[in-house]
Structures are given as C-alpha cells and as structure tokens.
1. What spacing in nm lies between the two simple spin-label points modelled at residue 4 and residue 59, each 7 Å away from Cα in the Cβ direction?
2. Lys and Arg at +1, Asp and Glu at -1: add these up for the other residues within a Cβ distance under 10 Å of residue 37 and post the number.
3. At 7 Å along Cα-to-Cβ for each site, give me the label-to-label distance between residue 46 and residue 16 in nm.
4. Tell me, rounded to the nearest percent, the portion of alpha carbon pairs in the range 3-68 spaced more than 18 Å apart.
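Laboratory data are not the source of any read-out in this text; all were calculated from the coordinates shown. Everything numeric in this text was worked out from a predicted model, so none of it was measured. Note that each Cβ is placed from the backbone with ideal geometry, even for glycine, and that neighbours are counted across all protein chains shown.
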Amino acid sequence: MGISQQRLGSTIQRELAHIVNNVIKNGRVGNISITEAKVTKDLSFCYVYYTILSENQVIIELTNTLLENYN
C-alpha cells in the first residue's frame, strides 16, 4: 500500500470515528469503533472495518442500519 493510500485511509478512519463518536446522536452508535480503513490503489474504493461492542441483537440492528445506508 502506497503512502498516499495509507494517509487517506488513516484520515478516513479518523474522520469516521469522529462522526460516530461526536456527530451522530444515537446512543447505540457509541458502541461502534472504526478499526481500519483501506483505500484501493486507484483510490476509487475504501473498505471500512469496524467493531461493535454490544449484545448480539444490537450488533445485528446496527449492522443492518449501516448496510441500508451503504448506497
């Protein structure tokens, strides 16, 4: 992974973490940690990895919400 890919991935990870922790006002969302963001070589895609620290049902609901808002 090139330097610009790494920097962009780190910036995306940091910004998403800020949004999740400070901007979104949903109490359940506070249980999400953005663990990594990987940008493709052509910078056209970014894969975001996250963990959810909560009960199974909440994890399922949050994952479904994230997937619904994917597009």
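1. The modelled label-to-label distance comes out at 3.8 nm.
2. Residues close to residue 37 contribute a combined charge of 0.
3. A separation of 0.8 nm, rounded to one decimal place.
4. Counting every Cα pair in the range 3-68, those more than 18 Å apart make up 41 percent.
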